[in-house]
1. Restricting attention to the range 28-44, which residues are over 16 Å from L181 (Cα atoms) and without any contact (Cβ under 8 Å) to a residue 24 or more places away in the chain?
2. Restricting attention to the range 306-321, does a residue exist that is over 10 Å from the mean Cα position of the chain (by Cα), surrounded by 23 or more Cβ atoms within 10 Å (Cβ to Cβ), near the ligand (Cβ under 10 Å from one of its atoms) and at pLDDT 90 or above?
3. So which of T297, T288 ends up being under 18 Å from the mean Cα position of the chain (by Cα) and more than 14 Å from the ligand (Cβ to nearest atom)?
4. Quick one: is E82 touching a helix residue (DSSP H, G or I) at 6+ places or on another chain (Cβ under 9 Å) and either surrounded by fewer than 18 Cβ atoms within 10 Å (Cβ to Cβ) or not assigned by TED's automatic domain parsing to the domain that holds N28 (or both)?
5. Out of the residues in the range 329-383 that are among the aliphatic types (A, V, I, L, M) and in a helix (DSSP H, G or I), state the one that is farthest from N396 (Cα to Cα).
6. So which residues in the range 181-221 are under 14 Å from E407 (Cα atoms) and among the small types (G, A, S), if there are any at all?
7. Of the residues I55, I60, only one is surrounded by 20 or more Cβ atoms within 10 Å (Cβ to Cβ), within 29 Å of the chain's Cα centre (by Cα) and not assigned by TED's automatic domain parsing to the domain that holds L315; which?
Amino acid sequence: MIDLNNEYDFNKIIPKKIIKATYKALNNYQYRTLFKYKDQILNYGKYNKDELNFILDSIIEGETARKYLLEELKSTEPLLLEEILNKFNFSDENIIRDLIFLTEQGFLEKIIDKSTGDQKYRVKEERFSLQKNIFDTISVVHEKNTCCHCGLCTSICPLDGIDLTNDYVYIDGGKCIRCGLCYSVCPQSFTFKTELDYLKKRNYDLKYYKNIGFYKNMYSARTYIHKIRDYIQDGGVVSSLIYYMLKNQLVDAVITIKHSIDFWKPEVAIIQDIKKLKNTAGTIYTHTPLLSVLKKTKNLKNVAIVALPCKIKALIKGSLFPVRLPFFNNIKYKIGLFCWESLSYEKMLEFIHKNFDVDLDEIVNMNIKKGKFIITLDSGDVFSIPLNEWYKYGYNFCNYCDDFTAEFADLSIGGIGSQMGWSTVITRNNNGEELFNKVLDAELIESRELKEGSSKLSLIEKIAEKKIKNSKSI
Ligand SMILES: Cc1cc2nc3c(=O)[nH]c(=O)nc-3n(C[C@H](O)[C@H](O)[C@H](O)COP(=O)(O)OP(=O)(O)OC[C@H]3O[C@@H](n4cnc5c(N)ncnc54)[C@H](O)[C@@H]3O)c2cc1C
């Protein structure tokens with residue numbers, strides 16, 4: 001697992017340089033804003049004094065490192081990422097994080113070296129450098145209609161000034177202090193994939209599969225837990241992982257979704273009891289701002305999350321963000337679901353009525369297989385329609401997503417690539433691989449390895465490639 005919560009080691013740097021950088025860091029806009037509204041934030045009570053101080057300290061620490069890096073880079077020729085990582089004593093994770101933020105803030109720019117074609121980092125002219133220094137609020141993302149409604153901004157906002165539902169986001173001008181925390185963690189505000197991929201390639205012992213990304217191993221697997229078989233979507237691997245994690249107290253809770261009174265309308269669930277698994281098993285193709293519950297789980301020691309790729313990306317962005325937040329330290333496992341797109345509940349109603357002429361509550365199962373969207377009714381009747389029809393109803397934000405297989409998760413799980421009744425599992429790092437093996441050893445699942453070059457893998461790769469090609473840039 002990439003450790004993005006590393007602290008900086010300033011010990012090897014000349015003290016004079018660090019003092020100068022710290023002095024400049026105190027001018028950081030986010031720091032000054034949060035400091036200015038400290039009393040208001042504490043009175044509101046979402047963050048206590050220790051948490052707020054923790055946030056402020058980490059802003060200064062991260063900003064000091066960035067000011068130091070910037071000063072050093074000013075006196076060099078444009079450098080390759082590799083050269084920058086070799087030049088500085090900070091961890092690679094921290095340097096990469098800082099380069100991403102310095103670039104987004106407008107202090108650095110990426111240029112292509114004409115002679116080699118390599119990408120290099122160059123300090124921008126001073127007169128341009130303040131342009132994007134102040135992060136804007138999340139409304140920019142919403143105005144562009146690219147918000148993926150992950151809910152992370154509502155979790156992080158110190159004064160709960162963001163009201164987010166499945167379909168809209170409202171920023172309360174009376175509460176917003178324009179600290180920009182929301183914009184910094186937003187998965188749709190700016191990208192970071194190239195740099196993180198570079199890090200995975202450089203430092204982690206991982207294989208790479210074109211368009212599917214970095215991984216440890218790939219499997220087809222299915223559950224042995226009979227009690228849940230009637231409720232699961234594919235091979236029931238996700239439910240088996242949840243069962244194992246809760247039963248063996250690897251985590252205190254799992255954040256995912258469950259059916260609500262309107263059966264196909266998802267509701268965020270924080271499950272702590274394995275008896276509740278029947279309520280969560282199976283796929284609901286509609287969307288909910290899952291990460292808005294993070295504020296409720298911050299006092300738990302260890303948490304796992306089952307989520308769509310866009311939400312997993314948001315979690316990575318949140319931990320990449322150079323502020324150590326109380327929310328992220330307890331997320332032990334990230335389980336990502338494959339996803340081409342999701343729908344709002346209203347669009348789902350429209351899609352079903354127009355294409356099948358049945359009521360939503362007659363449907364007991366929905367699935368995507370072999371290029372078709374399939375529904376099973378409680379009468380036992382099965383109907384299907386080509387996926388192209390379903391694609392017309394997706395959210396706009398799905399058009400900006402290039403991640404079919406949840407590349408940033410610890411484990412990515414989907415149906416495609418495996419035969420009916422089995423799930424495809426991609427372990428992305430040691431954390432994911434170890435969890436998968438524990439569940440296998442506990443004989444809760446059976447598995448077969450998915451071999452490189454197999455036709456099943458090519459199928460996943462083809463869809464992932466199509467998603468990348470179709471995606472617009474944010
Ligand atoms: C919107 C969406 C689109 C998908 N598209 C594809 C696709 O194109 N191709 C493909 O191969 N697979 C897709 N999947 C994944 C697939 O449907 C299964 O969820 C996956 O194979 C796991 O099956 P399982 O039997 O192991 O899971 P189960 O044991 O049945 O458990 C499923 C878990 O997923 C959680 N879950 C269900 N719906 C949601 C949701 N909307 N948001 C967050 N968590 C949820 C449940 O809470 C449960 O914990 C999609 C899933 C979703 C939610």
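The values are calculated or read from the model by the stated rules, or taken from the named source; none is laboratory data. Just so we're clear, the structure is a prediction, and the values are computed from it rather than from any experiment. Because the Cβ atoms are built from the backbone with ideal geometry, glycine has one as well, and the counts that use them run over all protein chains shown.
1. Passing the criteria: D39, L42, N43.
2. Checked against the condition, which is being over 10 Å from the mean Cα position of the chain (by Cα), surrounded by 23 or more Cβ atoms within 10 Å (Cβ to Cβ), near the ligand (Cβ under 10 Å from one of its atoms) and at pLDDT 90 or above, the range 306-321 yields at least one hit.
3. Values: T288 fails: more than 14 Å from the ligand (Cβ to nearest atom).
Testing whether each residue is under 18 Å from the mean Cα position of the chain (by Cα) and more than 14 Å from the ligand (Cβ to nearest atom) leaves just T297.
4. Details: touching a helix residue (DSSP H, G or I) at 6+ places or on another chain (Cβ under 9 Å): yes; either surrounded by fewer than 18 Cβ atoms within 10 Å (Cβ to Cβ) or not assigned by TED's automatic domain parsing to the domain that holds N28 (or both): yes.
For E82, the condition - touching a helix residue (DSSP H, G or I) at 6+ places or on another chain (Cβ under 9 Å) and either surrounded by fewer than 18 Cβ atoms within 10 Å (Cβ to Cβ) or not assigned by TED's automatic domain parsing to the domain that holds N28 (or both) - is met.
5. First pass over the range 329-383, keeping only residues among the aliphatic types (A, V, I, L, M): 331, 335, 337, 343, 348-349, 352, 358, 360, 363-364, 366, 368, 374-375, 377, 382.
If we keep only those that are in a helix (DSSP H, G or I) too, we end up with 348-349, 352, 360.
Numbers: M348: 14, L349: 17, I352: 19, L360: 23 Å.
Ranking the qualifying residues of the range 329-383, first place goes to L360.
6. The one that is under 14 Å from E407 (Cα atoms) and among the small types (G, A, S): G213.
7. On the way: I60 fails: surrounded by 20 or more Cβ atoms within 10 Å (Cβ to Cβ).
Sole residue among the options that is surrounded by 20 or more Cβ atoms within 10 Å (Cβ to Cβ), within 29 Å of the chain's Cα centre (by Cα) and not assigned by TED's automatic domain parsing to the domain that holds L315: I55.
The rows are residues; the columns are (1) modelled with pLDDT of 90 or more; (2) loosely packed, with under 14 Cβ neighbours inside 10 Å; (3) within 27 Å of the chain's Cα centre (by Cα).
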| site | (1), (2), (3) |
| --- | --- |
| D3 | no, yes, yes |
| K20 | yes, no, no |
| A25 | yes, no, no |
| N28 | no, no, yes |
| L34 | yes, no, yes |
| Y37 | yes, no, no |
| N43 | yes, yes, no |
| Y47 | yes, no, yes |
| A65 | yes, no, yes |
